[in-house]
């Protein structure tokens, strides 16, 4: 698996998992909300709904992995048994990269963008 395939598999799930804090920032940046309302929405999403966003990101990761394996010709149980090590390694690497990407996206990029807009300290 090359870096481009790995980015295709993990990019959108990481983005979806980080929407709990990015969506209020985007709403404020587009001018649909005040700073106070966006900060309150970010607190609500991250406080009460963060696990739902993370579960959605994990779901998208599973779907993207499913289609990745289908595209590689692993469509039957016999093919899955033959490529067991490849499947396990791909899932583990994708999960590791997705978790790392989630932390970088949410706690570095979105956090510093929120601080720059004045949504949080």
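Every number here is computed from the coordinates shown, using simple stated rules; none is lab data. Remember, it's a predicted structure, so these values are computed and weren't measured experimentally. Backbone-built Cβ (ideal geometry, glycine too); neighbour counts: all protein chains shown.
Mind sorting out which of (1) 0.94; (2) 1.24; (3) 1.11 is the real Rg/Rh (Cα atoms, Kirkwood Rh) computed from the coordinates?
Checking each listed value against the structure points to (3).
Under 20 °C and 1.002 mPa s, how fast does region 61-121 diffuse according to Stokes-Einstein, given a Kirkwood radius computed over C-alpha pairs? Answer in µm²/s, whole number.
Here the translational diffusion coefficient equals 156 µm²/s.
Using Cα pairs closer than 8 Å and at least 6 residues apart in sequence, work out the relative contact order for the chain, in percent.
41 percent
Calculate the FRET efficiency for residue 89 and residue 55 from the Cβ-Cβ distance with a Förster distance of 30 Å, rounded to the nearest 0.05.
Details: r = 24 Å, r/R0 = 0.80.
Plugging the Cβ-Cβ distance into 1/(1 + (r/R0)^6) gives 0.80.
Just to confirm the number: angle between the C-alpha axis of helix 84-104 and the first principal axis of the chain, 0 to 90 degrees, nearest 10?
Relative to the chain, helix 84-104 is tipped by roughly 10 degrees.
At 222 nm, what helix-only mean residue ellipticity would the chain give, in deg cm²/dmol to the nearest 500, using -39500 (n - 2.57) for each DSSP H run of four or more?
Helices in the chain give a 222 nm mean residue ellipticity of -25500 deg cm²/dmol.
As I understand it, the value is the acute angle between the Cα axis of helix 50-71 and the longest principal axis of the Cα atoms of the chain; what does it come to in degrees, rounded to 10?
Roughly 30 degrees between the two axes.
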